[in-house]
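Engineer: Here it is, the structure in full.
Read the figures in this text as sums done on the coordinates, not as results from a lab. These numbers come from a predicted model, not from an experiment. All Cβ positions, even for glycine, are placed from backbone atoms using ideal geometry, and neighbour counts span all protein chains on display.
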Amino acid sequence: MIRIFMLLIFISAGSLVQAQKFENLAQTPPMGWNSWNTFACDINEDVIKKAADYMVSSGMKEAGYEYINIDDCWHGERDAQGFIHEDKEKFPSGMKALADYVHAKGLKLGIYSDAGTKTCGGQPGSRGYEYQDALMYAKWGIDYLKYDWCSTENINPIGAYTTISKALYKTGRPIVLSICEWGDNKPWEWAEDIGYLWRTTGDIYNCFDCEEDHGDWSSWGVLQILDMQEGLRKYAGPGHWNDPDMMEVGNGMSTSEDRAHFTMWAMIAAPLIAGNDLSTMSQETIDILTNKEIIAINQDSLGVQGFKYNAENELETWFKPLENGDWAVTFLNRGAEERNINFNWKGQIIKDPDFEYTVDFTKNTYTIRDLWMHKNLKNSKKVLKAKIKPHDVLSLRLSMSK
Ligand code: GLA
């Protein structure tokens with residue numbers, strides 16, 4: 001009797017064991033590409049291989065992009081033992097060969113599943129097969145799993161994401177878990193030890209300032225998603241990021257809008273997951289996606305999201321603390337009119353509202369670098385005067401003068 005009792009205690013304690021995460025994974029926001037925004041369900045191994053090829057040849061890999069992520073609709077069927085397989089028509093060489101191909105280019109491969117019975121695209125979900133699916137992904141050589149939230153009626157989100165997290169950990173292969181429940185259950189409050197990033201909103205839509213109504217759900221433009229990040233920065237940091245969704249850069253917005261979108265994702269330490277067709281992108285798109293000075297503010301080792309310091313007439317000023325006492329400062333023009341910037345640094349002391357960072361222009365002078373023009377401006381003793389186009393940014397890096 002006592003033995004059974006002890007066994008019960010042991011089992012229940014075991015099920016309470018917290019999820020475990022691999023150390024030193026996603027210490028800076030993950031960078032990569034995902035198939036969904038351009039290809040949706042129309043994917044196959046050539047699409048994925050091409051993305052890997054062009055990630056290298058475009059210079060994106062060199063700029064820091066690493067993950068090639070297959071989204072929904074790669075699935076075939078489960079076998080008699082319950083193991084999932086790839087769709088053999090779309091992926092005739094098999095997932096393992098595809099992972100080998102991507103790895104041989106020095107990149108990593110991501111895949112997609114869902115906590116429910118079915119994925120959002122109607123494919124087999126992982127519910128009840130979490131450990132088997134994790135084993136299969138590890139066997140294939142998968143490095144990243146985006147785990148969605150369709151068909152999850154009556155499932156507890158913390159439980160569901162803990163289960164897949166434990167299953168992945170148990171395989172012994174470091175696989176980044178990307179939580180995708182659209183912010184419905186406030187994952188920022190519970191997911192730090194479960195996943196490495198969590199979606200904060202519904203899906204992005206390819207527009208700068210709009211809501212796309214799908215009936216019982218909406219997808220959102222860049223500004224709408226940006227506004228929904230309010231209050232969340234204190235939850236993010238190295239190894240656990242807020243994810244405002246994959247980017248739409250290169251998918252049809254204007255160059256200014258793409259530049260503003262990319263810069264703001266960098267400012268809020270968002271994962272930089274491109275969502276365009278890498279094989280057909282223009283030089284302008286490449287130049288945006290590979291701007292190393294902007295990427296450096298996103299990948300900064302402090303891992304602190306920027307904050308909105310000021311908003312006036314659709315002109316916002318954002319600050320982001322960086323390593324070695326540097327700061328990124330971005331002026332965002334949300335409006336349809338050109339705006340003048342007239343910013344007097346001198347005399348200002350700007351405090352981070354959530355963390356212990358302060359920039360004190362009364363005591364220190366900063367050198368200022370324009371991160372899109374790639375040139376140094378006058379220092380912070382001078383009033384900053386500039387014009388900023390509609391839906392565009394002026395983005396700066398401030399370093400303390402020696
Ligand atoms: C959900 C996710 C998207 C995408 C699709 C795939 O909508 O939020 O990012 O993965 O499912 O069906």
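Engineer: Among the residues of region 142-175, write down those that are touching a strand residue (DSSP E or B) at 6+ places or on another chain (Cβ under 8 Å) and surrounded by fewer than 18 Cβ atoms within 10 Å (Cβ to Cβ).
Structural biologist: Across region 142-175, the qualifying residue is only SER151.
Engineer: Continuing with the same structure: What number goes with the only condition from (1) surrounded by 15 or more Cβ atoms within 10 Å (Cβ to Cβ); (2) within 14 Å of the ligand (Cβ to nearest atom); (3) part of a loop (DSSP other than H, G, I, E, B); (4) within 18 Å of the chain's Cα centre (by Cα) that ASP184 does not pass?
Structural biologist: That leaves (1) as the condition not met.
Engineer: Collect the residues in region 385-399 that are surrounded by 16 or more Cβ atoms within 10 Å (Cβ to Cβ) and among the hydrophobic types (A, V, I, L, M, F, W, C), keeping them in residue-number order.
Structural biologist: Passing the criteria: ILE388, VAL393, LEU394, LEU396, LEU398.
Engineer: With the requirement that a residue be within 25 Å of ARG233 (Cα to Cα) and either among the polar types (S, T, N, Q) or surrounded by fewer than 15 Cβ atoms within 10 Å (Cβ to Cβ) (or both), what does region 355-384 give you?
Structural biologist: GLU356, THR358, ASP360
Engineer: Output the strands (runs of 3 or more DSSP E) that fall wholly within region 266-356 and possess 2 or more residues being within 23 Å of LEU377 (Cα to Cα), or say none.
Structural biologist: Because the criterion is at least 2 residues that are within 23 Å of LEU377 (Cα to Cα), the strands (runs of 3 or more DSSP E) in region 266-356 that meet it are 307-312, 315-321, 327-333, 339-343, 349-351.
Engineer: Okay, moving on. When region 356-402 is examined, which residues are found to be polar (S, T, N, Q) and out of contact with any Ser or Thr (no Cβ under 7 Å at 6 or more places or on another chain)?
Structural biologist: Passing the criteria: THR358, THR362, ASN364.
Engineer: Here are some conditions: (1) on the phi < 0 side of the Ramachandran plot; (2) in contact with a helix residue (DSSP H, G or I) (Cβ under 8 Å, 6 or more places away or on another chain). ASN344 meets all but one. Which one does it not meet?
Structural biologist: The number of the failed condition is (2).
Engineer: Since GLY125 meets every condition but one in (1) more than 17 Å from ALA19 (Cα to Cα); (2) more than 24 Å from the chain's Cα centre (by Cα), which condition does it not meet?
Structural biologist: Of everything listed in (1) more than 17 Å from ALA19 (Cα to Cα); (2) more than 24 Å from the chain's Cα centre (by Cα), GLY125 misses just condition (2).
Engineer: Across region 69-95, what is the total count of residues that are farther than 26 Å from GLU153 by Cα and in contact with a Lys or Arg (Cβ under 7 Å, 6 or more places away or on another chain)?
Structural biologist: Within region 69-95, residues that are farther than 26 Å from GLU153 by Cα and in contact with a Lys or Arg (Cβ under 7 Å, 6 or more places away or on another chain) number 1.
Engineer: Another one. Can you tell me which condition GLN27 does not meet? The list is (1) of a type outside the set (Lys, Arg); (2) within 16 Å of the ligand (Cβ to nearest atom); (3) under 29 Å from GLY237 (Cα atoms), and all the others hold.
Structural biologist: Only one criterion is unmet by GLN27, namely (2).
Engineer: Looking only at region 190-206, decide whether some residue is of a type in the set (Phe, Trp, Tyr), in contact (Cβ under 8 Å) with a residue 60 or more places away in the chain and within 23 Å of SER35 (Cβ to Cβ).
Structural biologist: Checking region 190-206: at least one residue is of a type in the set (Phe, Trp, Tyr), in contact (Cβ under 8 Å) with a residue 60 or more places away in the chain and within 23 Å of SER35 (Cβ to Cβ).
Engineer: State yes or no: is GLY239 at positive phi and buried (at least 21 other Cβ atoms within 10 Å of the Cβ)?
Structural biologist: No, not satisfied.
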